[in-house]
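Asker: Quick one: this structure, given as structure tokens, is what I'll be asking you about.
The values are calculated or read from the model by the stated rules, or taken from the named source; none is laboratory data. Predicted model, so just to flag it, every value in this text is computed and none were measured. Backbone-built Cβ (ideal geometry, glycine too); neighbour counts: all protein chains shown. When the accessible area is computed, the model is the full protein with side chains, heavy atoms only, and any ligands, DNA or RNA have been set aside. Shrake-Rupley method; radii C 1.70, N 1.55, O 1.52, S 1.80 Å.
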Amino acid sequence: MKNINGIHHITAIAGSPQKNVDFYVEILGLKFIKKTINFDDPHTYHLYYGDERGNPGTILTFFPWSEQGFRGKRGTGQIATISFSAPSSSLNYWIERLTKHNIVFAGPLKRFDEEVLIFEDYDGFELEIVANEEESRPSYKSFDVPEEHSIRGFWGASVWHQNTGPTEGLLTDLLEFKKLKEGENRIRFTSGDGGPGTYIDLLQLPDQLKGIMGIGAVHHIAFRTDNESTQLKMRERLVNKNINVTPVIDRNYFKSIYFHEPGNVLFEIATDPPGFLIDETTGSLNSSLKLPHWLESSRSEIEAVLPALKIPE
Ligand code: ZN
């Protein structure tokens, strides 16, 4: 039995919450699946996007600070790029769609067996659409993206380091990743059963400056684990290697543990259950502000300070 099964979710920092929604729903056609708050900072939103059910491996989340917030800087010690997956047959659709919406992109570039389009969101965060032959996850209808061309979830993420060695050690020795491919300055790892949603690319960039956390940067990446018992097993494994890992934290939709990998990227291990349907059904996902039970008594105070948000239909 495998304890880690690829990516659960990725969380990044955004500027304006409305611009964030507009980009990920109107341009990329992701489903807006949950409007909640940052449990550690209840006066900012926590916005969730993904497929129709918010399946692990499709969930991209943002803490939108505000337009005036501190801007991050792309560099080493960070997840520098998030890659989405779409079938090869959708490549031309995405080229036309990005062009139509005036999103400047590079590509299609050939990388290993895939074709890649590279572009930025409204906060300057680097994204990719990886057109590939491996994708088999379900499609969904969202906004005006035809169902067959929907982004199916993550392909993977790229981590930049001046020296990738220590992170490679952690991925393969403790987190059950396997080295899959190597090219130029990029090493690809996979976990669980492999395939889209499980790839981590380590990029060795010895001359690149360190990144700075802020708007347009990734806050952390979470890996999937089946349940609380596999999570505790992973936790024990990290503790035994003297890695400073948090206790299990209840995130309402999953349980989490956090630690920094040797290159200083924040890693999380999150359980698949209970998932995003615990407080809504698929038909009504995103309908209202969701609060965990321990913040429900402060609802009116919290709602009063959050900016209004219009979800494109
Ligand atoms: Zn997380």
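Asker: Residue check: is THR167 free of Cβ contacts under 8 Å to residues at least 24 places away in the same chain, more than 21 Å from GLU120 (Cα to Cα) and either loosely packed, with under 15 Cβ neighbours inside 10 Å or touching a Gly at 6+ places or on another chain (Cβ under 7 Å) (or both)? Show your work before the answer.
Answerer: Working: free of Cβ contacts under 8 Å to residues at least 24 places away in the same chain: no; more than 21 Å from GLU120 (Cα to Cα): yes; either loosely packed, with under 15 Cβ neighbours inside 10 Å or touching a Gly at 6+ places or on another chain (Cβ under 7 Å) (or both): yes.
No: the conditions fail for THR167.
Asker: Search the stretch 10-38 for residues being touching a His at 6+ places or on another chain (Cβ under 9 Å) and within 22 Å of ARG224 (Cβ to Cβ), and hand back the single one that is nearest to the ligand (Cβ to nearest atom).
Answerer: If we filter the stretch 10-38 for residues that are touching a His at 6+ places or on another chain (Cβ under 9 Å), which is where we start, we get 10-13, 26-27, 29, 34-38.
Those still in the list that are within 22 Å of ARG224 (Cβ to Cβ) too: 10-12, 34, 36, 38.
Details: ILE10: 8, THR11: 5, ALA12: 10, LYS34: 13, THR36: 12, ASN38: 11 Å.
Among those that are touching a His at 6+ places or on another chain (Cβ under 9 Å) and within 22 Å of ARG224 (Cβ to Cβ), it is THR11.
Asker: Still on this structure, I have one more. So in the stretch 39-66, with the set limited to residues that are under 13 Å from the mean Cα position of the chain (by Cα) and more than 15 Å from the ligand (Cβ to nearest atom), which one is surrounded by the fewest Cβ atoms within 10 Å (Cβ to Cβ)?
Answerer: Filtering first and then ranking leaves ASN55.
Asker: Taking VAL116, is it open to solvent by 10 Å² or more (accessible area, probe 1.4 Å), of a type in the set (A, V, I, L, M) and either out of contact with any helix residue (DSSP H, G or I) (no Cβ under 7 Å at 6 or more places or on another chain) or within 21 Å of GLY197 (Cβ to Cβ) (or both)?
Answerer: On the way: open to solvent by 10 Å² or more (accessible area, probe 1.4 Å): no; of a type in the set (A, V, I, L, M): yes; either out of contact with any helix residue (DSSP H, G or I) (no Cβ under 7 Å at 6 or more places or on another chain) or within 21 Å of GLY197 (Cβ to Cβ) (or both): yes.
It is false that VAL116 is open to solvent by 10 Å² or more (accessible area, probe 1.4 Å), of a type in the set (A, V, I, L, M) and either out of contact with any helix residue (DSSP H, G or I) (no Cβ under 7 Å at 6 or more places or on another chain) or within 21 Å of GLY197 (Cβ to Cβ) (or both).
Asker: How many residues are open to solvent by 10 Å² or more (accessible area, probe 1.4 Å) and more than 16 Å from the ligand (Cβ to nearest atom) if we restrict to the stretch 266-303?
Answerer: Qualifying residue count, the stretch 266-303: 24.
Asker: I'd like to know if the stretch 212-219 contains one or more residues that are closer than 20 Å to PRO292 by Cβ, surrounded by 14 or more Cβ atoms within 10 Å (Cβ to Cβ) and modelled with pLDDT of 95 or more.
Answerer: Looking only at the stretch 212-219, we keep the residues that are closer than 20 Å to PRO292 by Cβ, and these are 219.
Imposing the further condition that a residue be surrounded by 14 or more Cβ atoms within 10 Å (Cβ to Cβ) reduces the set to 219.
Next, from what is left, pick out any that are modelled with pLDDT of 95 or more: 219.
Yes; the residues of the stretch 212-219 include at least one that is closer than 20 Å to PRO292 by Cβ, surrounded by 14 or more Cβ atoms within 10 Å (Cβ to Cβ) and modelled with pLDDT of 95 or more.
Asker: Yes or no: the stretch 15-22 includes at least one residue that is closer than 21 Å to LEU277 by Cα and either of a type outside the set (Asp, Glu) or assigned to a loop (DSSP other than H, G, I, E, B) (or both).
Answerer: yes
Asker: Additional query: Any residue in the stretch 212-229 that is under 14 Å from GLU268 (Cα atoms) sitting within a Cβ distance under 7 Å of a residue that is away from the ligand (no atom under 16 Å from the Cβ) and open to solvent by less than 20 Å² (accessible area, probe 1.4 Å)? List the pairs, counting only those 6 or more apart or interchain.
Answerer: Here the result reads THR225/ASN3, each pair linking the stretch 212-229 to a residue that is away from the ligand (no atom under 16 Å from the Cβ) and open to solvent by less than 20 Å² (accessible area, probe 1.4 Å).
Asker: Further, regarding this structure: On the basis of being away from the ligand (no atom under 15 Å from the Cβ) and farther than 23 Å from GLY124 by Cβ, does ASN252 make the cut? Give the steps one after another, and end with the answer.
Answerer: Values: away from the ligand (no atom under 15 Å from the Cβ): no; farther than 23 Å from GLY124 by Cβ: yes.
Judged against the criteria, ASN252 is not a match.
Asker: Taking the criterion of being away from the ligand (no atom under 16 Å from the Cβ), under 22 Å from GLY54 (Cα atoms) and outside any strand (DSSP E or B), would at least one residue in the stretch 232-241 satisfy it?
Answerer: So far as the stretch 232-241 goes, no, none of its residues is away from the ligand (no atom under 16 Å from the Cβ), under 22 Å from GLY54 (Cα atoms) and outside any strand (DSSP E or B).
Asker: Which numbered condition trips up GLU96, out of (1) among the charged types (D, E, K, R); (2) in a loop (DSSP other than H, G, I, E, B); (3) within 16 Å of ILE129 (Cβ to Cβ)?
Answerer: (2)
Asker: A further question follows. Out of everything in the stretch 67-96 that is out of contact with any Asp or Glu (no Cβ under 8 Å at 6 or more places or on another chain) and open to solvent by less than 10 Å² (accessible area, probe 1.4 Å), what residue ends up being farthest from GLY216 (Cα to Cα)?
Answerer: In this case the residue turns out to be TRP94.
Asker: Tell me yes or no: at least one residue of the stretch 255-265 is open to solvent by 70 Å² or more (accessible area, probe 1.4 Å), within 23 Å of ARG53 (Cα to Cα) and within 16 Å of the ligand (Cβ to nearest atom).
Answerer: We begin by selecting, within the stretch 255-265, every residue open to solvent by 70 Å² or more (accessible area, probe 1.4 Å); these are 260, 262, 264.
Add one more test, that the residue is within 23 Å of ARG53 (Cα to Cα), and what stays is none.
The answer is no; no qualifying residue exists.
Asker: Scan the stretch 273-301 and report the pairs whose first residue is closer than 16 Å to ASP40 by Cα and free of Cβ contacts under 8 Å to residues at least 24 places away in the same chain and whose second residue is aliphatic (A, V, I, L, M) and open to solvent by less than 80 Å² (accessible area, probe 1.4 Å), with Cβ atoms within less than 9 Å and a gap of 6+ or a chain change.
Answerer: ARG299/LEU289; ARG299/LEU291
Yes/no matrix, rows are residues, columns are (1) in a loop (DSSP other than H, G, I, E, B); (2) more than 18 Å from the chain's Cα centre (by Cα); (3) over 20 Å from VAL116 (Cβ atoms):
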residue	(1), (2), (3)
GLU134	yes, yes, no
TRP160	no, no, no
ASN163	yes, yes, yes
LEU180	no, yes, no
PHE189	no, no, no
GLY195	yes, no, no
ILE200	no, no, no
